[in-house]
Amino acid sequence: METLGIDIGGTKIAGGICDEEGNIRCLQRVPTPEDAADINAVVADIYQQCKKEGDIKAIGISAAGNVASDRRTVSFAANLPAWNQYPLADAIEDLIGDGVKVVVENDANAAGWGEYRFGAGRDSRDMIMITVGTGVGGAIIVDGHLARGGFGMAGEIGHMVMVPDGEACGCGLFGCAEQYASGSALERFAWSAVRRRPNQSQHLLEACEYDRGKLIGPMVRDAAQQGDPTATEAFERLGDWLGRLMANLSAVLDPDTFVIGGGVAEVGSMLLDPASTAFNRYLQASMYRQHANILEAKAGGKAGIIGAADLARVD
């Protein structure tokens, strides 16, 4: 059974026909419009283009926002106010008019399911995916099923409070994991190290032209790869917080596998090694239990497409 997967991101909308093995054809990419109606029109156009090449039975949409338990309504989207309590599935189905079912998933859930079915987590049974980008996202697989929770909000691990009265988070809380285990945190950690040891930070200072406002994550990555000790320290601090987060999740869910994805995680062992060390240190009863595998994501940018398509197929 072929389904259409659509990944609606902040800068682009990507979609294609997916088979039951996670293969994609008729891949389409379009810049993301700002208006909700224009986004609907883009999705409908991708469907019209792809249905020429296959018999599409359902559409799975990966959406950057909180998705209600009905898997049809976007309850809140920070970057698109028009999507608050927005019946996205109804809007797409009405626009297409072919009687094709539409299923909506949170983007982190869709990517996590894609990794579970077709990527790094395909040999696991209980898996947690953590996406480390500008923020921190998550997806939880328990006994082979995606955990959505009673209200569709499961998996928001970036907003677990790690530090009481800690750094302010965009969600309105303080001390969220997102403030300590994300790309934004990496930049903050790097600048903190630069201020303490400026004479050991030449790569970073030259990259950002000695301006904190110009410092971005890729600069920290490049400086660390060139041996800049302050950039390396920033990744070690980030890994330490990521390991703490995984240990806390293990205390509740005891997964057999963690899959780490997102742009920051593309550095591989530079982040995963200190994260694994911290995980072992903070894990409850660490010496007396089996430890989860900690793996780098494999499905990459297509995870949201294949995950959304597969979730629409099994719904």
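The values are calculated or read from the model by the stated rules, or taken from the named source; none is laboratory data. Computed from a predicted structure; not experimentally measured. FYI the Cβ positions are ideal-geometry reconstructions off the backbone, even for glycines, and counts take in every protein chain you see. Surface accessibility is based on the protein's heavy atoms, side chains included, excluding ligands, DNA and RNA. Shrake-Rupley method; radii C 1.70, N 1.55, O 1.52, S 1.80 Å.
A few comments on the model shown:
- Criterion (in contact with a strand residue (DSSP E or B) (Cβ under 8 Å, 6 or more places away or on another chain), farther than 21 Å from Met1 by Cβ and not in a strand (DSSP E or B)) met by exactly one of Ile39, Ile92: Ile39
- Of all the residues in the stretch 95-115, those that are part of a helix (DSSP H, G or I) and touching a residue at least 60 places away in the same chain (Cβ under 8 Å) number 8.
- Of all the criteria given as (1) modelled with pLDDT of 90 or more; (2) of a type outside the set (Gly, Ala, Ser); (3) closer than 27 Å to Phe118 by Cα, the one not satisfied by Pro87 is (3).
Let's see how each residue does on (1) assigned to a strand (DSSP E or B); (2) more than 23 Å from Gly112 (Cβ to Cβ); (3) at pLDDT below 95; (4) of a type in the set (S, T, N, Q):
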| site | (1), (2), (3), (4) |
| --- | --- |
| Ile141 | yes, no, no, no |
| Gly149 | no, no, yes, no |
| Met153 | no, no, yes, no |
| Asp165 | no, yes, yes, no |
| Ser184 | no, no, yes, yes |
| Glu187 | no, yes, yes, no |
| Ala190 | no, yes, yes, no |
| Ala193 | no, yes, yes, no |
| Asn199 | no, yes, yes, yes |
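- For the stretch 42-73, filtered to residues that are part of a loop (DSSP other than H, G, I, E, B) and closer than 18 Å to Lys12 by Cβ, the residue that is least open to solvent (accessible area, probe 1.4 Å) is Gly65.
- Take the conditions (1) part of a helix (DSSP H, G or I); (2) free of Cβ contacts under 8 Å to residues at least 60 places away in the same chain; Glu209 misses just one of them, which is (1).
- Filtering the stretch 1-21 to residues that are closer than 24 Å to Gly133 by Cα, touching a residue at least 40 places away in the same chain (Cβ under 8 Å) and in a loop (DSSP other than H, G, I, E, B) leaves Gly9, Gly10.
- Flag for Glu236 being open to solvent by 60 Å² or more (accessible area, probe 1.4 Å), at pLDDT 90 or above and assigned to a helix (DSSP H, G or I): yes
- Taken over the stretch 74-88, the residue count meeting the criterion of being in contact (Cβ under 8 Å) with a residue 12 or more places away in the chain and surrounded by 13 or more Cβ atoms within 10 Å (Cβ to Cβ) is 9.
- Unmet criterion (only one of (1) open to solvent by less than 10 Å² (accessible area, probe 1.4 Å); (2) at pLDDT 95 or above; (3) in the same structural domain as Ala168 (by the TED database)) for Val132: (2)
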